[in-house]
Protein chains: 2
Amino acid sequence: MQNDQTNQPLKCLKGISFHMASFTSSDISGWERFYRANFINSLTGFKSVSLIGTVNGEGQTNLGVFSSLVHIGSNPALVGYINRPVAAAPHTFANIQATGHYTINHIHTAFIDKAHQSSAKYPADVSEFEEVGLTPQFLDVSPAPFVLESRIKYALSLEQIIPISLNDTFLVIGKVIYAELTDILPMEDGFLPIDQAGSVCSNGVDGYYSAELISRFEYAKVKSKR
Amino acid sequence: MQNDQTNQPLKCLKGISFHMASFTSSDISGWERFYRANFINSLTGFKSVSLIGTVNGEGQTNLGVFSSLVHIGSNPALVGYINRPVAAAPHTFANIQATGHYTINHIHTAFIDKAHQSSAKYPADVSEFEEVGLTPQFLDVSPAPFVLESRIKYALSLEQIIPISLNDTFLVIGKVIYAELTDILPMEDGFLPIDQAGSVCSNGVDGYYSAELISRFEYAKVKSKR
């Protein structure tokens, strides 16, 4: 699966330290594409990974894995995700444009395999729900399906699509119009212990991780060192 | 610290199920602001959290924690982050605009407390590096300082700043021009085992987590269920 270029980074050891490796932008642009995708997707650290549920104008449901979610603001509650170029990721994007609605559903340890399988390129007239074995859940708050098996899920209304001309991707921004929690409640200060719900995060293009709380910290204030 | 509204979500239990709680957009907009910030920042799942290093025109270094990083593309290697409204988060943003350069540095378990402290609102003429006890590291590839203590770090050149008028934030997009790894190497396929470097992720506004690999999955292909 990997070609000769896969081994290229080992040549990049600069000898500054035995344990240090450095990579320039020309190294990166010269790599085989899967190698580069894994490297760059790991370089940016652990990522949110969730399932986006949509429906088209004919009622055909769609489900896809997205690991490019980003918090944009809390008031109003705005969440963004990066949609790849339309040709590479057409269905979720088209459905959101058509209906103005979508759901985002946490992935838990119990169904990572099913969630990951929804990233396969199924035709538009096939529902990933049925293909991967997850259950669409319809609520009055949104025409888009939730994932029944997900314990932390929310519905969004489309607010804005911002084209990113640098690489033909899009920042899709939605407003949280509804949130639903199962077997988990907010703590006294609104914090959700999502690790206890078994929510996962991702790294690279295909690595899924559980997370364990190290600590919460107080709101940081300027303090004198002296 | 919390006011009476803190308990409001408990009233939102709709009785659909003893273990289920639901929240509408009017519930969310009515919450006390810290409660809402924690809730919305948890709702979107685990997040990348890293330190962004910058320098201003006079050589004054700056360091800040950002948990709104997002992968935009691998070829070219583009990484985005959401900058809050300028009044709320001025220094990093101004420095990136002035110099066109910044670094992003993973936070590891060994220095979470120092990293979190860099989120305090220090004046522009104070270096968070010195205040929190992290070490600026200068390399020829960028005028911006890296964090010496970080084992996974990269330098970016500013590509585009996209204003998000919905809430006066900005999507800041940079191109990866250099990456440096210490005591960690890419795997055969480019994947970085960032958990082994002690990189952390975040949840809410102040929770830091370690992560443990559950599994990597093969590239998902359409398969018949039958």
Please name all residue pairs, on different chains or six or more residues apart, with Cβ atoms under 6 Å, provided the first residue is in segment A:202-222 and is over 26 Å from A:A120 (Cα atoms) and at pLDDT below 95 and the second residue is assigned to a loop (DSSP other than H, G, I, E, B) and among the hydrophobic types (A, V, I, L, M, F, W, C).
-> A:A220/B:A120; A:K221/B:A120; A:V222/B:A120
If you go through segment B:131-170, how many residues are within 12 Å of another protein chain (Cβ to nearest Cβ), of a type outside the set (F, W, Y), part of a strand (DSSP E or B) and within 30 Å of B:F191 (Cβ to Cβ)?
-> 12
Flagged in segment B:38-77 as within 7 Å of chain A (Cβ to nearest Cβ), hydroxyl-bearing (S, T, Y) and part of a strand (DSSP E or B), in numbering order, are B:S48, B:S50, B:S74
Do we have B:H116 as under 15 Å from the mean Cα position of the chain (by Cα) and not β-branched (V, I, T) here?
-> yes
Would you check if A:L185 is open to solvent by 70 Å² or more (accessible area, probe 1.4 Å) and within 30 Å of B:E131 (Cβ to Cβ)?
-> no
Considering each residue of segment A:201-220, count those that are at the interface with chain B (Cβ under 7 Å from one of its Cβ atoms), of a type in the set (A, V, I, L, M) and not in a strand (DSSP E or B), and give that number.
-> 1
Candidate set: segment A:87-110, residues that are farther than 27 Å from B:T24 by Cβ and touching a residue at least 12 places away in the same chain (Cβ under 8 Å); chosen: the one least open to solvent (accessible area, probe 1.4 Å) | A:A89
Would you be able to say whether some residue in segment B:23-34 is within 28 Å of A:S25 (Cα to Cα) and open to solvent by less than 30 Å² (accessible area, probe 1.4 Å)?
-> no
How many residues, within segment B:188-200, are within 7 Å of chain A (Cβ to nearest Cβ), closer than 21 Å to B:V65 by Cα and open to solvent by 10 Å² or more (accessible area, probe 1.4 Å)?
-> 1
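The values are calculated or read from the model by the stated rules, or taken from the named source; none is laboratory data. The structure presented is a predicted model; accordingly, all values stated were derived computationally and were not measured. Glycine also receives a Cβ, built like all others from the backbone with ideal geometry; neighbour counts cover every protein chain displayed. These accessible areas exclude ligands, DNA and RNA; they are computed on the full protein's heavy atoms, side chains included. Shrake-Rupley method; radii C 1.70, N 1.55, O 1.52, S 1.80 Å.
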